[in-house]
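Following: one structure in structure tokens, then a few remarks.
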Amino acid sequence: MGTEIDGGGAIRGIRPRVHPDAELVAEAIERLPASERRVILHHARHANRPDWLPLAAPLVAVKRPSDTRGRYRHVIAEAWEPTPKQSEVAALYFQRGISLLDPHGRRRITEEERGFRFRVFGDATRQLLVRWCPLEPRHSDVEIVETNEAYLFWHGAMVALGEALARASLRNHTLAGFTAPERPWNAK
């Protein structure tokens with residue numbers, strides 16, 4: 001039946017006692033095609049079910065190669081982006097009735113732009129250094145398809161086993177049915 005039994009082996013001349021319902025389940029499994037039998041027994045031995053992946057892979061930070069030096073474990077990208085002149089920002093504040101001085105008497109624009117890196121050109125146009133962490137899908141489309149197909153195969157094998165056992169007359173047990181969702185990635 002593909003399982004380990006604790007407590008010693010059979011005694012010579014005495015037939016080992018296996019519950020008749022267990023024998024029916026083992027016979028039903030043996031009648032399945034080899035590939036279905038393998039996947040059912042594998043997950044039964046590990047007391048689990050196959051993994052599945054959502055169709056839209058979550059995005060994660062692009063990791064740096066482990067041999068490169070740096071402060072971060074992921075890639076940091078940066079670019080200079082055009083930004084309004086300080087005079088244009090001051091004009092917007094003035095139009096909205098916002099004081100150019102903060103409650104402590106400091107220049108509001110200077111205080112709000114503290115910590116940002118700007119590049120100012122001769123005509124007072126400015127660029128802001130924008131930094132970001134590029135993202136990539138955690139799983140590729142191929143990985144998602146292969147993982148979900150393996151789950152579907154296992155589910156189909158379990159349904160086939162359930163149908164075979166529904167026709168068998170179990171002595172002390174009743175079949176409650178197979179409740180694992182067929183396509184959990186479609187559930188909302």
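Report the residue, chosen from W132, W80, W52, that carries the largest GNM mean-square fluctuation when the chain is represented by alpha-carbon nodes joined by springs under 10 Å.
W80
Give me the accessible area of F116, 1.4 Å probe, in Å² rounded to the nearest 10.
Its accessible surface works out to 120 Å², give or take rounding.
Please find, in a Gaussian network model of the chain (springs between Cα atoms separated by less than 10 Å), the residue of R38, R69, R96 whose mean-square fluctuation is greatest.
R96
Over the chain, what number does the Rg to Rh ratio reach, with both radii from the alpha-carbon atoms and Rh per Kirkwood?
1.36
Expressed as a whole percentage, what fraction of the accessible surface of the range 37-138 belongs to carbon and sulfur atoms when a 1.4 Å probe is rolled over the protein heavy atoms?
Carbon and sulfur: 53 percent of the exposed surface of the range 37-138.
Hey, what's the chain come to in accessible area per residue, 1.4 Å probe, Å²? Present the calculation step by step, with values, prior to reporting the outcome.
Working: 14730 Å² over 188 residues.
Heavy-atom accessible area per residue stands at 78 Å².
Just tell me, in residue order, which DSSP H segments of the chain are both 30 angstrom or longer along the helix axis (alpha-carbon based) and at least -0.5 in mean Kyte-Doolittle hydropathy.
141-167
The values are calculated or read from the model by the stated rules, or taken from the named source; none is laboratory data. These numbers come from a predicted model, not from an experiment. Only protein heavy atoms, including side chains, enter the accessible area calculation; ligands, DNA and RNA are left aside. Shrake-Rupley method; radii C 1.70, N 1.55, O 1.52, S 1.80 Å.
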